[in-house]
Amino acid sequence: MEALLAVLAVIAIAGFTLVNRSQTGARKKPSSRPPRGSSRSTGPRTRGHDVRSPGRRNGHSGQRSGGRGVATAQPRPYPGDYTGYVTVHYDPHPDGRPDPGEIVWTWVPFEEDHSQGKDRPVLLIGYAGEWLVGLQLTSKDHDLDAAQEARWGRYWLDIGSGPWDRKRRPSEVRLDRLIRVDPAAVRREGAILDKERFEAVQHSLNEVHHW
């Protein structure tokens, strides 16, 4: 009888040891699930929304003009250069609003591609509906290639220098191209052209456009 009890005790101890080892091994088994709050992927999540680069949201480039010669976006689509008759008149007012007789800095579309352009000084000469009409200025001297420019239908007039150019370089105004100017796109007023020079521009416009 005592021998039987001893055997049963040995069997019980062995069984307890096996169960304990099994539980310890289960606790040490590493889990394949990521820790709470972590993500399986370190890349950007794109489901449910699109990923856009800064400055490209809502279809805008985000680029604004902060200086001369920097391309900008038109507040509204450019309808094309003006081709009709313009009532040229001199009516400048230094009140922060663009008026005929003033030279302003504004966005001017390229002649070959109206969807692109750059900031230029423009002499305002009149109105065409809700748009102003202006003539672009340049500091490039076209006196030496006047005949060649005329063959291409481009005509220029010297108007001298003024505060619209920081270096006070002599400027020329282009007579053949009539640019529509959105008043909202005018970045700043450059100067008021004196009436004598404005009238010289008006006289030359009449000759070029046969007004």
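The values are calculated or read from the model by the stated rules, or taken from the named source; none is laboratory data. In this text the structure is predicted, and so the values were computed from the model without any measurement. In this analysis, Cβ positions are derived from the backbone assuming ideal geometry, glycine residues included, and neighbour counts consider all displayed protein chains. Side chains are part of the model used for accessible areas, which takes the heavy atoms of the whole protein and leaves out ligands, DNA and RNA. Shrake-Rupley method; radii C 1.70, N 1.55, O 1.52, S 1.80 Å.
Modelled label positions at H93 and F110, each set 7 Å beyond Cα in the direction of Cβ, lie 3.7 nm from each other.
Note down the net charge around Q202, summing +1 for each Lys or Arg and -1 for each Asp or Glu among other residues with Cβ under 12 Å from its Cβ. With Lys, Arg at +1 and Asp, Glu at -1, the net is -1. Spread over its residues, the convex hull of the C-alpha atoms of region 94-165 is 120 Å³ per residue. Could you list log10 I(q)/I(0) for region 123-211 at q = 0.11, 0.18, 0.23, 0.26 Å⁻¹, which the Debye formula gives when each Cα is one point scatterer? Evaluating at q = 0.11, 0.18, 0.23, 0.26 Å⁻¹ gives log10 I(q)/I(0) of -0.32, -0.86, -1.33, -1.50. Simple point charges give the picture: +1 on the Cβ of Lys and Arg, -1 on the Cβ of Asp and Glu, and for region 105-207 a dipole about the Cα centre of about 380 debye. Orientation-averaged projection of region 166-211 equals 4.3 nm² [convex hull of Cα atoms, one quarter of hull surface area]. Ordering 165-174, 118-127 by mean Cβ neighbour count within 10 Å, with the highest value first, yields 118-127, 165-174.
The heavy atoms of F110 present about 60 square angstrom of accessible area, all protein chains included, probe 1.4 Å.
Taking all Cα pairs closer than 8 Å and separated by 6 or more residues, the relative contact order of region 130-191 comes to 44 percent. Centre-to-centre separation between the Cα atoms of region 117-187 and those of region 77-100: 12 Å.
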